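The values are calculated or read from the model by the stated rules, or taken from the named source; none is laboratory data. All figures in this text were calculated on a predicted structure; none of them were measured in a lab. Backbone-built Cβ (ideal geometry, glycine too); neighbour counts: all protein chains shown. For accessibility, only protein heavy atoms count, side chains too; no ligands or nucleic acids. Shrake-Rupley method; radii C 1.70, N 1.55, O 1.52, S 1.80 Å.
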Amino acid sequence: MRRGRYTADVELSSVNLSTSAPLVLASRSPRRRALLGEHGVMHMAVEPGFDDSELVPGRVDAGQWVAALAYLKAWAAMRAGPFAGKATVLGLS
């Protein structure tokens, strides 16, 4: 596990919400973690457990596609982790 100023990269199975930040970032992106940390937003970063590389956008515009991917990442992290009702899960794309 690697820890930064405000973030922790953790396996979902090892999350203890009693000692974790209430904001969970469902993203692999080091830049997204850095942006939150630079602005003093305490959070925990987790692997969303969702691979979007095989999906295709279909008949939606770019904004809808990005919103759908963000939703799916947050949904996958929420479903795989012990976060229900205990944290806000943020999915970004």
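Find the relative contact order for the stretch 26-93 and round it to a whole percent, using C-alpha pairs within less than 8 Å whose residues are 6+ positions apart.
Once divided by the residue count of the stretch 26-93, the mean separation gives 38 percent.
Could you pull the accessible area for LEU55 with a 1.4 Å probe, rounded to 10 Å²?
70 Å²
Just name one of ALA62, MET78, GLY91: the one whose Cα is farthest towards the positive end of the charge dipole of the stretch 50-93 (beta-carbon charges, Lys/Arg +1, Asp/Glu -1).
MET78
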